[in-house]
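To start, the structure under review is shown below, and the notes come after it.
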Amino acid sequence: MARTKIKIDYGLCGDGQGVDPRECGECLRACGPAVFLLHQTLGAVEPDPFDPQAWRVTPMWATLCDRCGRCVEVCPQKAIAVTGGAGRRSAAAGAPGTGRRPADGGAPSAGWRSRIGSHRLRKRSPAS
């Protein structure tokens, strides 16, 4: 599966040029896996360093993205593009990146006990 890539056009959103993401924040609220991070633009020269005005939303954890497209849909500036992969990753329970447990509540299979139970540690004799 191809890697998910999330691009944000900072000319439309953030960096003191486009919409201020602190006022909008639609993508932050729409993203279930919380892929985005709102932070001050690094390296920006601010008139008052204690009241920064240049902010941006960064897709910090793109590996958590399930490619649902909600962030793209809700962005009023259409500044977000999600690419990679073969469409939407299944958000079914237990799918990678969803953070969800299997439908059985995460109960491990019966096989794991037999594997762990059969591997007993021996006590080491003290070094002489």
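Of all residues in segment 19-41, those that are touching a residue at least 40 places away in the same chain (Cβ under 8 Å) and within 17 Å of ARG67 (Cα to Cα) have Cβ atoms under 9 Å from Cβ atoms of residues that are aromatic (Phe, Trp, Tyr) and not in a strand (DSSP E or B), 6 or more apart or on another chain, in PRO33/TRP61. Looking across segment 51-93, the residues that are under 17 Å from the mean Cα position of the chain (by Cα), at pLDDT 90 or above and of a type in the set (S, T, N, Q) come down to THR58, THR63, THR83. Looking at segment 9-63, which of the residues that are of a type in the set (Val, Ile, Thr) and in a strand (DSSP E or B) is surrounded by the most Cβ atoms within 10 Å (Cβ to Cβ)? Per the criteria, the residue is VAL57.
The values are calculated or read from the model by the stated rules, or taken from the named source; none is laboratory data. All values derive from a computational prediction rather than experimental measurement. In this analysis, Cβ positions are derived from the backbone assuming ideal geometry, glycine residues included, and neighbour counts consider all displayed protein chains.
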